[in-house]
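Novice: First the structure, then my questions, so here it is.
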Amino acid sequence: MTQGRWNAPAVVGEKGVLRHSLSGKPAVFLTFVRNPSVRFGNSVQLFTVLILLHCLYFGKFAMSDSDPATGSTDHTSANNENAQKMEEFAEPDAKRRKISNRPTDDKKPNLAERLGGILCCVVCLDLPRAAIYQCVNGHLMCVGCLTHLLADARLRDETATCPTCRVEISKTSSTRNLAVENAVSELPSECRYCGAQFPRNSLGRHETQECEDRIANCKYSRIGCPWRGPKHEQEEHESACVHAKKSGAEVMQALQALDEQTADEKKLYNSIFDLLGYDNITFNDIQLKPYRTDEFINRLYYESSRFSAFGNQWVVKARINNTQKDPTQSSERDMTYQITLKSRSTPLNISYLALAGPVGGVEVRPRIYEFEFSDDHTESNYVQLPLRDTDECNRLLAAKTINFRLIMFYSQH
């Protein structure tokens, strides 16, 4: 067979394009380069190679022409399904408008907000409403947080430290910052009922007397109406209140419960006047000092020095959260106390109560207790020291000593 050499175009990289005879689309893209090593037996072999390449590329272009149509159909159906799902789970128009109208740029805090972040308490991170104290390094604490820190340190038998710089703090080392108190009182604050802003020094009057959204009771609450709502709705409620149409018997039943409560209060005052007629009355200004028990978990307790009353020696002891092993785990705190007879004596029926003394300023609500002491029963039961609230208990714990006045009554009859 005669061997022949096929001469490619002389220009390197020149392309020869073969198009389909019917569609006119490019079927083969070939670049022929002059290369002496490329040999073909004859023109039939060359034609056969070209036909094979033509069929191969023609099939590829035919598939590429049909794929977009199929792909576009599938893509269209997928888009329709996604659109249906989006319509099904679409957000309400009001919410969509609210989100779209949200400003894109972050609002810069004004001067009052920046000062609020600087003058806030380092413990509760809120602007104080009462007295403001500071450690020796100038970190600010409201009086409630300061007393709570000192109370926790007392219960744990530790030294109280500033949460920011860890310097030691105490009642004597912490100083009151009047300048910051005056500055904070002029900063605006939101009313907890209506949300309007007022200077802090006038916010209390607004919330208790002026705000139309403050909580009010129905005027028929004394006869059982439980309604509590905004002040501006009080008149409308009272005009339609069903308790206004109660019968006389129903009103008397409600008033009877109030009379029982009033009778208990009168009983206390009448008891005090009766006790003032006893043969022996004595009072002592008690000072309680902190001590620790010898148990596995040391518990804080308070004890007074011995004092004399009715010819006998007595001691007062006090505990914090009497039924709780670790009072530091609770935010609610109270104090109980007992009287202990330290000398042998004939049976004594003693009535006693604790009052605020001339030193310390303990806020207590008078409550009379009674116990019969003897040689076999020298310790009274632990009874409640009727403090105002948990903050008052923390204030007592923060102090080095607790001072109050104990009045004791004894009658030989």
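Novice: Just to be sure I understand, how many residues within segment 371-387 are in a strand (DSSP E or B) and touching a Ser or Thr at 6+ places or on another chain (Cβ under 8 Å)?
Specialist: Number satisfying all stated conditions: 5.
Novice: Of all residues in segment 284-313, count the ones that are of a type in the set (Phe, Trp, Tyr) and surrounded by fewer than 14 Cβ atoms within 10 Å (Cβ to Cβ).
Specialist: 2
Novice: Would segment 310-325 turn up any residue that is more than 27 Å from Arg365 (Cβ to Cβ) and under 29 Å from the mean Cα position of the chain (by Cα)?
Specialist: Yes: segment 310-325 contains one or more residues that are more than 27 Å from Arg365 (Cβ to Cβ) and under 29 Å from the mean Cα position of the chain (by Cα).
Novice: Continuing with this model, one more query. Being more than 29 Å from Asn270 (Cβ to Cβ) and assigned to a strand (DSSP E or B) narrows it down to one of Arg344, Arg405, Arg395, Arg319, so name that one.
Specialist: Arg319
Novice: Further, regarding this structure: Tally time: how many residues in segment 347-370 are surrounded by fewer than 16 Cβ atoms within 10 Å (Cβ to Cβ) and part of a strand (DSSP E or B)?
Specialist: 3
Novice: Identify, please: which residue in segment 225-271 is assigned to a helix (DSSP H, G or I) and basic (Lys, Arg) and is, among those, farthest from Pro366 (Cα to Cα)?
Specialist: Lys245
Novice: Hey, can you tell me all the residues within segment 145-173 that are touching a strand residue (DSSP E or B) at 6+ places or on another chain (Cβ under 7 Å), surrounded by fewer than 20 Cβ atoms within 10 Å (Cβ to Cβ), assigned to a loop (DSSP other than H, G, I, E, B) and on the phi < 0 side of the Ramachandran plot?
Specialist: Thr159, Val167
Novice: For segment 233-256, check the following and say yes or no: at least one residue is more than 30 Å from Glu303 (Cα to Cα), among the small types (Gly, Ala, Ser) and surrounded by 11 or more Cβ atoms within 10 Å (Cβ to Cβ).
Specialist: Yes, segment 233-256 contains a residue that is more than 30 Å from Glu303 (Cα to Cα), among the small types (Gly, Ala, Ser) and surrounded by 11 or more Cβ atoms within 10 Å (Cβ to Cβ).
Throughout, read-outs are computed from the coordinates displayed, never taken from laboratory work. Note that the structure is predicted; figures quoted are calculated from it, not measured. Note that each Cβ is placed from the backbone with ideal geometry, even for glycine, and that neighbours are counted across all protein chains shown.
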